[in-house]
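The values are calculated or read from the model by the stated rules, or taken from the named source; none is laboratory data. Being a predicted model, the structure only gives us computed values, none of them experimental. Quick reminder, even Gly has a Cβ in these numbers, built from the backbone with ideal geometry, and neighbours come from all protein chains shown. What goes into the accessible areas is simple: the full protein's heavy atoms, side chains included, and nothing from ligands, DNA or RNA. Shrake-Rupley method; radii C 1.70, N 1.55, O 1.52, S 1.80 Å.
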Amino acid sequence: MSQRRDAQRNRARLIAAAAEVFREDGAAAPLDLVARRADVGRGTLYRHFPDRGALIAAVLKMRMDALEHYAADYPGDDLLEHLLAEILALQLDAPGLATAIRTAGSDEPLGAMFEQTRGLLSAALDRAHAARLVREDLTLPEVMLAIAMLDGAVSAHTRLPEDAPVELALAIVLRGMRSPARSRLPVPDPALRLPTAQELQPDD
């Protein structure tokens, strides 16, 4: 049991370390940097993740699971727009991860993540409709399209003028989704915090 716990802890540290390294140096960063940040050897890294695509997929899955836990604990009916704010923050945190998985020839994790995202946003949309916080005709495909649009804004952020930050894209999206009485409300601030590799280090 102790070995299994150690293995689980090493895996969690590697995922947290990868998220930090990809944020700082991009998805093409040397994987040795991830092993050093997690304070494990290269052999341990490759036992858990045989290639870059598998590691990036684990980072994306960790983020998706964190969004699901966030949604489960969120008390308000305006969950949908808070999820969009969190998703944009994660896109900005480490852009290009999905593209890196495709480059590595591993599309299956993206399909699973798409379905997980779809289910999460579908429930949030139903909640918003019931509370009349969004347009009556707002559909789930439109919400999914909004996420793709936000991802496009993140990809183009270096070409945006200084007075048009990426966050403005979220304000425009929410203005089109919300019911007329709520269209000018402020954009929610992201609050989701992911664990760091340092926090997952053993106590001894």
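Worth a mention:
- Accessible-area ranking of Tyr74, Tyr46, largest first, probe 1.4 Å: Tyr46, Tyr74
- Cα long-axis angle, helix 108-130 against the chain (0 to 90 degrees, to the nearest 10): 30
- Simple point charges give the picture: +1 on the Cβ of Lys and Arg, -1 on the Cβ of Asp and Glu, and for the chain a dipole about the Cα centre of about 320 debye.
- Whole-Hz couplings from phi, Karplus 6.51/-1.76/1.60, listed for the range 142-152; x for Gly and Pro: 5, 5, 5, 5, 4, 5, 4, 5, 5, 4, x
- Under 15 Å, Cβ to Cβ, from Leu33 - net charge with Lys/Arg +1 and Asp/Glu -1: +1
- Built from the Cα atoms of the range 22-161, the convex hull projects on average onto 9.9 nm², one quarter of its surface area.
- Asp6 - accessible surface, heavy atoms, 1.4 Å probe, Å² rounded to 10: 60
- For Asp137 and Thr99, a Förster radius of 30 Å and the Cβ-Cβ distance give a FRET efficiency of 0.40, rounded to the nearest 0.05.
- Charge dipole of the chain about the Cα centre (unit charges at C-beta), most positive-ward option of Met144, Ile56, Pro188: Ile56
- Fluctuation leader among Asp39, Asp126, Asp73 - the chain, Gaussian network, Cα springs under 10 angstrom: Asp73
- 3J(HN,Hα) couplings calculated from phi for the range 184-199 with the Karplus curve 6.51 cos²θ - 1.76 cosθ + 1.60 (θ = phi - 60°) are, in sequence order, 9, 5, x, 6, x, 8, x, 10, 5, 10, 8, x, 9, 4, 4, 5 Hz; Gly and Pro show x.
- Between helix 52-73 and the chain there is an angle of about 50 degrees, using the helix long axis and the longest principal axis of the Cα atoms.
- Residues whose amide H comes within less than 5 Å of that of Val134, counting only those at least five positions distant or on another chain, are Ser179 (H built at 1.01 Å from N in the peptide plane).
- Arg178, Arg193, reordered so the largest accessible area comes first (probe 1.4 Å): Arg193, Arg178
- In the range 111-185, the alpha-carbon atoms span a convex hull of 88 Å³ per residue.
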